[in-house]
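Each remark here refers to the structure printed beneath this line.
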Amino acid sequence: MKKVVVLGGGVAGMSAAHELAERGFAVEVFEHKESYCGGKARSVNVPDTGSDGRKPLPGEHGFRFFPGFYKHVTDTMKRIPVSGNKTAFDNLVPTETITLGRYDKKPFKTLAHFPKNIAEAEFLVKNLFGSDLGLSREEEIFFGRRVWQLMTSCKERRINEYEGLGWWEYLQADRFSKAYQTLLVEGLTRTLVAAKAKTASTKTGGDIFLQLIYNTMNPFVDVDRVLNAPTNDAWLTPWYSYLTEKLGVKYQFSSTVKEIKIENREISSVVVQSGETFTEVKGDYYIFAVPVERMAPLLSDEVLSVDGTLETIKQLAPSVSWMNGLQIYLNEDVKISRGHVICSDSEWAVTCISQPQFWPDVDLKTYGDGTVKGIISVDISDWFTKGSNGKTASDCTKQEIFDEVWIQLKKSLNTDAKVPLKDEMVVDWFLDSDIEISEKPFPEPVTPGHSSYSFNREPLLVNRVNTWSLRPEPYTNIANLFLASDYVKTNTDLATMEGANEAARKSVNAILQATGSNKKLCKIWDLHEPLILAPFRWADKKRYDKGLPWTHKQSALTKVFLFIAHLFAKIARIFTEKK
C-alpha cells in the first residue's frame, strides 16, 4: 500500500486525504494547529466563556457560506455521514434574502434566489423598483452592458485579456458616481474576495459574479446556503471522525512542516516540528496542502534546482490580504435579514449574518453564561482603510476593532424609523484568534501589507491582475511532490473551500496517474456556462483568434440562433399551458 503524506489539515488537506483513503492509499495528515482541523473553515470554542457546565461560545475565522455554484466541496460533504442517517450536505440550509446596508439610508433587501411564488415575485419587484440605490440610468445601462460582455466573451479572452484588466478599470469606475463605485465596483471585490477593485483580476471577479447571476436566474438552485450549526458540529468534526475512524487516516496535530529534503531529484523526507521535537517523515508521495505564504519559504534552492518553475510560488506569495471574523453575542436574537448583510458604505468592508435563525437545533442557553440569544457573525474584509475612528483595523487594538465594527454596523442598519442594533444588547464579542496584536511593533513585516502592530496568521490569497500565470498545476517536476491548495490553478479560481477541494481532487488524480492506479479519478467540474450563450462565445472566439476586440454587434449566426431559441420557447409555453 502506497503511503501519502499530506502536509496541512485544512479543507484541501482533508479533501485530499478523503479521496486518497477511499482509493486504498495509506494517508497521514500533519496539521500545525493544536486541536482544530479544517483550517480557515473551522469554528472554535471561545476561551473562558463557558460557565456552570455550559459550553464555550462558538467563534470562527469568518462565517461560512456555500454558493449554489459550489460542486466539489458539496460533493465531498455528501460522503460525510452525520447523525440521523444524514450527511454533512444535509446540514446546509438556504438563505432567503440579501440585505444591502447603507449609511443614512434605509437598508435595501432583495431575494437571494429566483422567485418561487407570486409573493416573492412581488417582494422582488417592490424592492428593486421601490428603492433608491443612488444609481443613474446611464450607470445602470453601462454596468448591464459590461456584464453582458462578460457573459458573451470566450474563455480565451477572459484568461488572456481580462486577467490583466483590473475590475475598477473594466467597469470604468472613475467615470461614475460614488454609489456606482461602492455598490457595483468595490462591493464584489472587497466583500467576496477581500481584494481592491483597482488590482483585482476581472477574469476572477467576473467569472464568480457570473456564477452568482446564473444561479439567481435558475429556480432549481439555492444561490446561497449556510450550515445549520457551528461549522465544527455540522461538518468538520464528523468529517474528521469519518476520516480517522472509518477510512484509517492518521491525523497529527501541532505538527508544522519545516523543510523538504531532496535525494535523487525526489523528496526523500520532510522535516516536521512538533513542540521542540523535529522528526523526519517519509512517504511515497507528498501533498503540500499549506497556504501559499507558508509554501514559499519551503522552496529551498535545493528544491528549486530540481523544479525551477516552483519559483512562481514565491512570486505569488505576496498576493495575500486579510479577511477575518468578529462574532458579536447579543441578549436578543436580532435577525436583521434572513441571509447575508453587505454594509456597502462600510470603510472596513463589513459583511455579516445573524446565525441563530439558521440553527434550529442549537440551544444557545447551553452556551456561555446562558444569556446569549443572538450571534452576529461579521467578516472584516478591508483592514487597511481608515474607519470613522481615523485608524485602519490593522492598527487598532482588539477593543478598538470591536468598537469601530459596531459603529459601522449601526450606521449601516439603524435608521430613524427602525433601530435593530442597540448598545445594551451586547453581551460579549470575539475577534478571530488568527489576528495577533502587539503593544510593541514587530521587528519586520511578516506578511505583505501587515501592520507594524498586528499580524495575521491566516491571510487570504487574492487574485490580482496578471497572477494566473504564476499559479502552479497540482503536479510538479519533482515526481513525488504534489500541490493541493487554493493557489493552485483550478476552474474555481478563487481562494475558497471550493477552490481548495478542487485543487485536492486534481492533486489526487495526478497521484493516481503517477502510480498507474486503475481507481476512478476524482470528478472535476467546470464553471457553468449557459448553453444559450454558446453562439455568442463562439462568435467572440472567432473574433479573438483574429486579434479583434469583443463587440456587442450580433453576427448573422447568433441572430438566427436567438430566433430559433425564441421559437422553441414559444412552443414550450404552448404545450405547458395545454397541460
Qualifying positions in region 208-264 - within 15 Å of Ser35 (Cα to Cα) and of a type in the set (Phe, Trp, Tyr): Trp239, Tyr240, Tyr251, Phe253
Can you go through Lys373, Lys411, Lys422 and tell me which one is closer than 25 Å to Glu96 by Cβ, without any contact (Cβ under 8 Å) to a residue 12 or more places away in the chain and not small (Gly, Ala, Ser)? Lys422
Given the residues Ala484, Ala514, Ala495, Ala479, which is the only one that is aliphatic (A, V, I, L, M), at pLDDT 95 or above and buried (at least 20 other Cβ atoms within 10 Å of the Cβ)? Ala484
Residues being out of contact with any Asp or Glu (no Cβ under 9 Å at 6 or more places or on another chain), modelled with pLDDT of 90 or more and within 27 Å of Arg64 (Cα to Cα) - total across region 167-202: 0
Scope region 47-74; condition over 20 Å from Gln355 (Cα atoms) and either surrounded by 16 or more Cβ atoms within 10 Å (Cβ to Cβ) or among the hydrophobic types (A, V, I, L, M, F, W, C) (or both); matching residues: Phe69, Tyr70, Lys71, His72, Val73, Thr74
How do the strands (runs of 3 or more DSSP E) wholly within region 60-117 filter down when requiring 2 or more residues that are farther than 21 Å from Ile375 by Cα: which remain? 108-111
Unmet requirement for Thr49, which otherwise passes all of (1) assigned to a loop (DSSP other than H, G, I, E, B); (2) closer than 16 Å to Tyr242 by Cα; (3) of a type in the set (Val, Ile, Thr): (2)
Specify which of the listed residues (Ser43, Ser15) is out of contact with any Asp or Glu (no Cβ under 7 Å at 6 or more places or on another chain) and of a type in the set (S, T, N, Q). Ser15
For Thr309, indicate whether it is modelled with pLDDT of 95 or more, among the β-branched types (Val, Ile, Thr) and part of a helix (DSSP H, G or I). yes
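Listed here are the residues, each with its yes/no results for (1) buried (at least 18 other Cβ atoms within 10 Å of the Cβ); (2) free of Cβ contacts under 8 Å to residues at least 24 places away in the same chain.
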position	(1), (2)
Glu140	no, yes
Phe143	yes, no
Glu169	no, no
Ala173	yes, no
Considering every residue within region 295-305, establish whether at least one is surrounded by 17 or more Cβ atoms within 10 Å (Cβ to Cβ), assigned to a helix (DSSP H, G or I) and out of contact with any helix residue (DSSP H, G or I) (no Cβ under 7 Å at 6 or more places or on another chain). yes
Here are Val271, Val281, Val292: which of them is surrounded by 14 or more Cβ atoms within 10 Å (Cβ to Cβ) and within 25 Å of Arg471 (Cβ to Cβ)? Val292
The one condition in (1) out of contact with any Asp or Glu (no Cβ under 9 Å at 6 or more places or on another chain); (2) outside any loop (DSSP other than H, G, I, E, B); (3) touching a residue at least 60 places away in the same chain (Cβ under 8 Å) that Gly206 fails to fulfil: (3)
For Val362: the one exception among (1) farther than 27 Å from Val93 by Cα; (2) surrounded by fewer than 23 Cβ atoms within 10 Å (Cβ to Cβ): (1)
Hits in region 358-378 - residues which are of a type outside the set (Val, Ile, Thr) and farther than 24 Å from Val341 by Cβ: Asp363, Lys365, Asp369, Gly370
Does region 380-394 contain any residue that is at pLDDT below 95 and in a helix (DSSP H, G or I)? yes
Can we say Val257 is touching a residue at least 60 places away in the same chain (Cβ under 8 Å) and part of a loop (DSSP other than H, G, I, E, B)? no
Meets criteria (touching a helix residue (DSSP H, G or I) at 6+ places or on another chain (Cβ under 8 Å) and aliphatic (A, V, I, L, M)) for Leu210: yes
Filter pass, Ala539 being more than 23 Å from Tyr286 (Cβ to Cβ), modelled with pLDDT under 95, small (Gly, Ala, Ser) and buried (at least 20 other Cβ atoms within 10 Å of the Cβ): yes
Residue that is surrounded by the fewest Cβ atoms within 10 Å (Cβ to Cβ) [pool: residues in region 498-511 that are among the small types (Gly, Ala, Ser) and closer than 13 Å to Leu20 by Cβ]: Ala510
Could you tell me whether any residue of region 25-41 is of a type in the set (Gly, Ala, Ser), farther than 25 Å from Ser377 by Cα and modelled with pLDDT of 95 or more? yes
Given (1) free of Cβ contacts under 8 Å to residues at least 40 places away in the same chain; (2) part of a loop (DSSP other than H, G, I, E, B), index of the condition Trp550 fails: (1)
When residues of region 203-251 are limited to those that are among the aromatic types (Phe, Trp, Tyr) and out of contact with any Leu (no Cβ under 8 Å at 6 or more places or on another chain), the one nearest to Phe69 (Cα to Cα): Tyr214
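The values are calculated or read from the model by the stated rules, or taken from the named source; none is laboratory data. Predicted, not measured: the structure shown is a model, and the values here were computed from it. No Cβ is skipped: glycine too gets one built from the backbone with ideal geometry, and neighbour counts run over all protein chains shown.
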